[in-house]
Amino acid sequence: MLARVTLVQVHDLADVVVVVGFTALCAALAAVIAWRSRFGIARDQLTAAARATAQLAVVGAIITAVLHSWWFTALFCTAMIAIAGLTSARRVTGHATAWTLIPVATGSLTGGLAIAATRLVPLTPIATVPVLGILIGNAMTATSLAGRSMHAAMRDHFEVYAGALALGLPVPVSADIVARPAAPLALVPGLDQTRTVGLVTLPGAFVGALLGGASPAQAAAVQLIVLAALLLVQAVAVSLTVHLFVRGRLGQFRPAG
């Protein structure tokens, strides 16, 4: 068995300063690159890093209480789903809406229940929180990418949608003709990650299990279960996002310009 180690060594205030300084430097360089490349998200690079720093500091302060109580764990996971749904809503529609909670919550909980059914991951708070966090994060990303891709497709091919309406097709069917082909783009990152795991990337679950003292075989098993669940999570989330989108629940359909 491997000796218990940590991925980053933080022992005192000086190490904390290095972590914060490194974060600020990388965020500043990313913002400069985004600004020079005219991506329009330079400020977002800085605010994202600042929020991550503050949020992780808060989480680090409360996580001990969370991991020692199922009630706090349930509350914490509910908050994660709510924040993920709100984040996707703002990415897809530009404003808050509860509709994005459906694909995020359904996708992540479906994957979580599937993992629990294997009985290979212990049903304890210390295992539930990080695993469910991975599933929720991927459900959020899939929902956001699917929604944005479909909105882009509708703007670029609005005449196809209008033509279908002119032929007498219902709104959901007309929207589906244009939007559905764009939705699978949201599944590509997950598919690529699964195809190249162990060859290009060593994901967090694998590395974390190794650092926690698991054998390479155990770490590989954990990672494989998580990746398989993520395929399910993303498929459910994207499918529900398409269903909501074509029914006008995730913003209005507008032509380009």
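When both segment 60-98 and segment 202-236 are represented by their alpha-carbon centers, they are found 22 Å apart.
Treating the beta-carbon of each Lys and Arg as +1 and of each Asp and Glu as -1, no other charges, what is the dipole magnitude of the chain about its Cα centre, to the nearest 20 debye?
380 debye
Is the shape of segment 111-183 rounded, prolate or oblate, going by the alpha carbon gyration tensor and its root eigenvalues a ≥ b ≥ c, with a/c under 1.5 for rounded and a/b larger than b/c for prolate? Since a/c reaches 1.5 and a/b is larger than b/c, the shape of segment 111-183 is classed as prolate. Contact order for the chain, expressed relative to its length and based on alpha carbon pairs under 8 Å spaced 6+ residues apart, stands at 24 percent.
When the alpha carbon gyration tensor of segment 56-110 is reduced to an equivalent ellipsoid, the three semi-axes, largest first, read 25, 14, 7 Å. From its DSSP helices (H runs of at least four residues, each -39,500 (n - 2.57)), the chain gives a residue-normalised ellipticity at 222 nm of -25000 deg cm²/dmol. For segment 1-138, the C-alpha radius of gyration divided by 2.2 N^0.38 Å, with N the number of residues, is 1.26. On a per residue basis, the convex hull of the C-alpha atoms belonging to segment 1-66 measures out at 135 Å³.
Rounded to the nearest 0.05, the FRET efficiency derived from the C-beta distance between L169 and L231 at R0 = 25 Å is 0.20.
The loop-placed trypsin sites (Lys or Arg not before Pro) in segment 81-183, going by DSSP, that have at most 13 neighbouring Cβ atoms within 10 Å of their Cβ come out as R119.
Calculation over all alpha carbon pairs of segment 67-246 in 10 angstrom steps from 0 returns a P(r) of 10, 33, 31, 17, 7, 2, 0 percent.
Where a number appears in this text, it was derived from the coordinates with a stated rule and is not lab data. Predicted, not measured: the structure shown is a model, and the values here were computed from it. Counting neighbours? That spans all protein chains shown, and the Cβs are built from the backbone with ideal geometry, glycine included.
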